[in-house]
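The values are calculated or read from the model by the stated rules, or taken from the named source; none is laboratory data. Everything numeric in this text was worked out from a predicted model, so none of it was measured. Every residue, glycine as well, gets a Cβ built from its backbone with ideal geometry; the counts of neighbours run over all protein chains shown. Ligands, DNA and RNA are excluded from the accessible area calculation, which covers all protein heavy atoms including side chains. Shrake-Rupley method; radii C 1.70, N 1.55, O 1.52, S 1.80 Å.
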Amino acid sequence: MTRILIVGAGLAGLSAARELTQAGVECVVLEARSRVGGRVMGGSVAGQAVEFGGTWIGERHERMYALAAELGLPTFRTYNDDGQLLVDLAGRQSRMKPTKGAVPKLSPFALADLGQGLLRFARMAKGVDPERPWQHAHAATLDGQTFETWIRRNLRTPSGRAYFRIATEAVFAADPSDLSLLHALFYTASNADLETLLAVDHGAQQDRVVGGTIRIAESLAEGLDIRLDSPVRGIQQSPNGIRAVCRDGATHDADRVIVAIPPTLAGRIDYDPILPSWRDQLTQKLPAGAVAKTFAAYPTPFWREAGLNGQAASDRGPVKVTFDVSPPNGEVGILLGFVEGGDARRWVRLTQAERRRTVLDCFVRYFGPEAANPIDYAEQDWSAEEFSRGCYGAHFAPGVWTAYGEALRPPIGRIHWAGAEYATRWNGYMEGAVRSGTDAAREVLASLSAGAPTGT
């Protein structure tokens, strides 16, 4: 049998290994961590399972729903429909319907401003091909400005601008000034539309897996040859094959390798021969977002009694977006708060006591004094993870798509690439990771059939 190495046991790497194994190809997965899942990570708060990493599957995430069904893992709806979303903008609070497409209660002028901005952005996103965003007729112009520049030029009211900035932080874990307008449009086109990205109702946050999404990763891993605690230090490529060298000195030989880790981490591997300059420089220009997930547990989900669904959106941080991630039976109430982008970069420098206090202060502002005294509290800083260095995924700064986009997906000789960042559909999501892993495995199978390495 032909042997394939896979670097990374996240959903992309596991999906690739599964596809190859089912095709009768021997493969070994080298995982740096002592667990599988990558940016999918399980945990518990107040004795209840929560997702410290990737959490939701939603509208049109066909592969993830199919996997959950095939693996016998039930899903349940995110708590949403029986309460309203709290909006906290410019020091004023209001409530919003939990249905997709709902808009906050704003002044007529601000509402009109937001409406025209959303319509204009949606039209622009529909014109971008997720397969080749750099080929857009106006790619140079779109990629030559930040998303923040577009927001300032196209939104006239503080509330309209705040909406887009909060959305950017929630989707990219980055500030609008961090990414190009072309990338914001590409990402939106890859993920249906902006409303789908933000929504629970018929949106990307619609469902959760009972016991956590880590159960999907753990179930995929069953029966696969996975070597944990095996961070890859170098990859050596020759006309005859591939050799991966781990930090502990162990070596693994194969015909080909799928590198299924975030691009910035892939760039830290030592390649022999070195990667072409255009590929290496690409990895230098794809930083991950900055995000920490915070959890506070309470004896009951008390916010539901006040007619709230646990979701809040605010222009004041450090926690600007929250969700109700209580267990299905609601026997314990658990709030999830996101600290993202510039807020996260500042927040992680505080002491643990200061971080906790600022998070709970936000929860109190949204849900009242009962939120000040949780029975349990936890946080997960993804930027501090050695083998992630940030979440949710990589973002493209101005100029990167047009200068390096063509180098993102093609293999380099016997080296193939996979991960949520490589997906053309549902880029950045667990759905995209699964699709990318499967596509990379099929690319390898095709190249094996051709009998020669692909790429240059």
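Hey, quick one: spin label on Glu131, modelled 7 Å out along Cα-Cβ, who in region 180-201 has an amide N within reach, i.e. under 17 Å? Only 186-187, 189-192 fall inside the zone, counting backbone N under 17 Å.
At 222 nm, what value in deg cm²/dmol follows for the chain if DSSP H runs of at least 4 each add -39500 (n - 2.57) and the sum is divided by all its residues, to the nearest 500?
Details: 15 runs with 152 residues, N = 456.
Roughly -10000 deg cm²/dmol at 222 nm, from the helical runs in the chain.
Each part gets one Cα centre, and for region 278-322 versus region 87-128 those centres are 19 Å apart.
Considering only DSSP beta bridges where both residues belong to the chain, give the percentage that are antiparallel (nearest 5).
Numbers: 47 of 69 bridges.
DSSP beta bridges in the chain are roughly 70 percent antiparallel.
Think of each Lys and Arg Cβ as +1 and each Asp and Glu Cβ as -1; about the Cα centre, that makes the dipole of the chain roughly 1020 debye.
At full extension, Ser449 and Glu222 could sit 79.0 nm farther apart than now, given 0.36 nm per residue minus the alpha carbon distance.
For region 176-315, what proportion of DSSP beta bridges, expressed in % and rounded to the nearest 5, is antiparallel? Before the final figure, lay out each step's value.
Values: 10 of 13 bridges.
If we restrict to bridges inside region 176-315, about 75 percent are antiparallel.
Compared with the dominant principal axis of the Cα atoms in the chain, helix 181-190 is inclined by about 80°.
Taking only the C-alpha atoms of the chain, Rg followed by Dmax gives 21.9, 68 Å.
Enter the accessible area per residue of region 148-198 (Å², integer; probe 1.4 Å; all protein chains in place). Can you show the working numbers first?
Working: 1500 Å² over 51 residues.
Here the residues of region 148-198 average 29 Å² of exposed surface.
Semi-axis lengths, largest first, of the ellipsoid equivalent to region 31-106 are 32, 18, 13 Å, with √(5λ) applied to each eigenvalue of the Cα gyration tensor.
Identify the GluC sites (Glu not before Pro) of region 291-395 meeting these criteria: DSSP loop state and at most 16 other C-beta atoms within 10 Å of the C-beta.
Filter output for region 291-395: Glu331, Glu386.
The simple Förster model, with R0 at 45 Å and r as the Cβ-Cβ distance, assigns Gln236 and Ile375 a FRET efficiency of 0.30. Across the options Phe363, Gly341, Gly330, the greatest Cα extent toward the positive end of the charge dipole of region 275-384 (unit charges at beta carbon of Lys, Arg, Asp, Glu) belongs to Gly341. Once both labels are positioned 7 Å from their Cα atoms along Cα-to-Cβ, the gap between Ala69 and Val210 label points is 1.7 nm. Shown for the chain: lysine pairs separated by 8 or more places, or found on different chains, whose C-alpha atoms are under 30 Å apart, numbering 15. The slack between Ser34 and Thr351, meaning 0.36 nm per residue of separation minus the straight C-alpha distance, is 111.4 nm.
Across region 323-456, the mean sequence separation of Cα contacts (distance under 8 Å, 6 or more residues apart), normalised by length, yields a relative contact order of 12 percent. Averaging the sequence gap over all C-alpha pairs within less than 8 Å and six or more residues apart, then dividing by the number of residues, gives region 227-338 a relative contact order of 18 percent. Toward the positive end of the charge dipole of the chain, with +1 on the Cβ of Lys and Arg and -1 on the Cβ of Asp and Glu, the farthest Cα among Asn373, Phe302, Ile151 is that of Ile151.
Quantify, in whole percent, the carbon and sulfur part of the accessible surface of region 106-162 (1.4 Å probe; protein heavy atoms only). The C+S portion of the solvent-accessible surface of region 106-162 is 55 percent. Taking the charge dipole of the chain about its Cα centre, with +1 at Lys and Arg Cβ atoms and -1 at Asp and Glu Cβ atoms, the residue from Ala125, Ser436, Val36 reaching farthest to the positive side is Ala125.
Spacing of the modelled spin labels on Val103 and Asp361, each 7 Å from Cα toward Cβ, amounts to 3.3 nm. If the label point is 7 Å along Cα→Cβ of Gln281, which residues in region 376-403 have backbone nitrogen under 16 Å from it? Answer for this model: 397-403.
If only the Cβ of Lys and Arg carry +1 and only the Cβ of Asp and Glu carry -1, the dipole of region 351-397 around its Cα centre is close to 160 debye.
Principal-axis analysis of the Cα atoms of the chain puts helix 430-450 at an angle of about 10° to the longest axis.
Amide H to amide H distances under 5 Å link Tyr271 with Ile235, where only residues 5 or more positions off or on other chains count and H is placed in the peptide plane. If R0 equals 41 Å, the separation of the Cβ atoms of Ala384 and Arg156 corresponds to a calculated FRET efficiency of about 0.60. Rolling a 1.4 Å probe over the heavy atoms of the protein chains gives region 208-277 an accessible area of 45 Å² per residue.
Its Cα gyration tensor gives region 299-357 an equivalent ellipsoid. The semi-axes, each the square root of 5 times an eigenvalue, are 25, 13, 9 Å from largest down.
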